[in-house]
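First up is the structure itself, then whatever we jot down about it.
The values are calculated or read from the model by the stated rules, or taken from the named source; none is laboratory data. These numbers come from a predicted model, not from an experiment. Note that each Cβ is placed from the backbone with ideal geometry, even for glycine, and that neighbours are counted across all protein chains shown.
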Amino acid sequence: MRGMNTSNENFQTSAPLNIALVTETYLPEVNGVAVTVARMVEGLLKRGNRIHMIRPRQSKNDVCAEKLNYRETLVTGMAIPGYAALRIGLPAKGMLLRTWTKQRPDIVHIATEGPFGWSALAAARKLAIPVSTDFHTNFHCYAKHYGIGLFTKPMAAYLRNFHNKANCTIVPTDSLQKQLERDGYQNVIVVSRGVDGEMFHPSKRSESLRASWGVEEETPVVMLVSRLAPEKNLQVVIQAFEQMRQLNPLARLVMVGDGPARAELQTHNPHVIFAGMQTGEALGQHYASGDIFLYPSLTETYGNVTVEAMASGLATVAYDYAAARQHMRHDLNGLLVPYDDTRAFIAQSKAIISDRARVQRLRHAARHTMQSQTWDCVMGDLESVLHDTMRAQGVKHDQPDFSAATN
């Protein structure tokens, strides 16, 4: 079992790396993978590394970005069924072979496991370039939510085969590392994730926003921030809030996010405030303007929203796995619920809706916990893993010319 959890905030391990970063989702797409990859890019560049980002073109107006030590190549993509706003890249092994033969990276880091990710893995292996991968999404767990449950085992096998062809697979929690190792994954390394403690901060609380929701200072506001989709187990929040509202009729539920389940949820729950997709400063204000955060998803590899809620100073109820298990201690800085125990989730939610003192105590402790979970520390750990992976294969640095982007 391997992990990287040491503090490397101000420590440059050695010469800067030349990293080819392959992903099938990136900003401005709004999802946990895109946001995490963007943080990775920002952090690695800040530490002096060079990045060649290769990703699908998101629209006909999408153009390659270029700045100091960073350039992009865009490839052909297609919309994901059921998620028209998201795209996957089509295989491009030939183009990648030509690109990396001409300008060889020290390491290829692959963030997604789609057709384009697979072709990048094949090209890197053919050229004997070290490869690291991220395990971001339990795609095999999504199958039953989209009527393709028969594909659960084949998808799980595909993911295991994909990651085991890499030199290492990076995961965000100890529990996920253990789970994947039980499932036959090899060379799994833990690198946690950070949270932006300035964007997600209790000081972002907005009385005008709360007023727009029709609540007063002491009215409890229950928050959910999530993609509104079947795999997020959203009905549990609806059930829990109905029970909470019986104890405190003034309580309000605010759902932040969008997705294929929104229309049906909005039709059947007219008392719920649907705030839509929020990003940046507005997202920070929405988090901080709530009091209690309910997160019922059972399909996360991490769950960025859990730590964002904690950093924003919300009393969080979540199932005991992923980011919640990594960072929460029951009734100290949040409320942990046994995995997939709906009755317990509802009971814990009901227990705090009328206990203002307990909510305030959990909110303060949650914020205190997240103050040390900086992205700078995490990027130092990631950089160390990439260096170790490169050295294990005996790779020496090249210093490529990043003078032009490829369209």
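Structure summary
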read-out: Qualifying residues in the range 380-394 (those that are aliphatic (A, V, I, L, M) and at pLDDT 95 or above) - the one surrounded by the fewest Cβ atoms within 10 Å (Cβ to Cβ); value: Val385
read-out: Among (1) assigned by TED's automatic domain parsing to the domain that holds Gln360; (2) assigned to a helix (DSSP H, G or I); (3) under 26 Å from the mean Cα position of the chain (by Cα), the one test that Ala275 misses; value: (2)
read-out: Some residue of the range 322-336 being touching a helix residue (DSSP H, G or I) at 6+ places or on another chain (Cβ under 8 Å), basic (Lys, Arg), surrounded by fewer than 20 Cβ atoms within 10 Å (Cβ to Cβ) and within 21 Å of Leu176 (Cβ to Cβ); value: yes
read-out: Selection within the range 44-70 - among the basic types (Lys, Arg), part of a strand (DSSP E or B) and within 14 Å of Thr23 (Cα to Cα); value: Arg55
read-out: Residue match in the range 294-305 (condition: among the acidic types (Asp, Glu), assigned to a strand (DSSP E or B), within 17 Å of Val30 (Cβ to Cβ) and in contact (Cβ under 8 Å) with a residue 40 or more places away in the chain); value: yes
read-out: Residue count, the range 233-281 (criterion: more than 25 Å from Arg356 (Cβ to Cβ), surrounded by 15 or more Cβ atoms within 10 Å (Cβ to Cβ) and of a type in the set (Gly, Ala, Ser)); value: 3
read-out: Residues within the range 306-338 that are touching a residue at least 24 places away in the same chain (Cβ under 8 Å), of a type outside the set (A, V, I, L, M, F, W, C) and farther than 27 Å from Leu209 by Cβ, tallied; value: 5
read-out: Strands (runs of 3 or more DSSP E) contained entirely in the range 146-225, each with at least 2 residues that are touching a helix residue (DSSP H, G or I) at 6+ places or on another chain (Cβ under 7 Å) and within 20 Å of Arg367 (Cβ to Cβ); value: 221-225
read-out: Only listed residue being modelled with pLDDT under 95 and either surrounded by 17 or more Cβ atoms within 10 Å (Cβ to Cβ) or aliphatic (A, V, I, L, M) (or both), chosen from Pro220, Pro230; value: Pro230
read-out: Count of the range 176-196 residues which are at positive phi and crowded, with 21+ Cβ neighbours inside 10 Å; value: 0
read-out: Residue within the range 358-371 that is of a type outside the set (Gly, Ala, Ser), within 17 Å of Ser192 (Cα to Cα), assigned to a helix (DSSP H, G or I) and at pLDDT 95 or above present; value: yes
read-out: Index of the failed condition, Met40 passing every other in (1) modelled with pLDDT of 95 or more; (2) under 24 Å from Leu97 (Cβ atoms); value: (2)
read-out: Extreme residue, farthest from Val30 (Cα to Cα), among residues of the range 226-255 that are part of a loop (DSSP other than H, G, I, E, B) and among the aliphatic types (A, V, I, L, M); value: Leu250
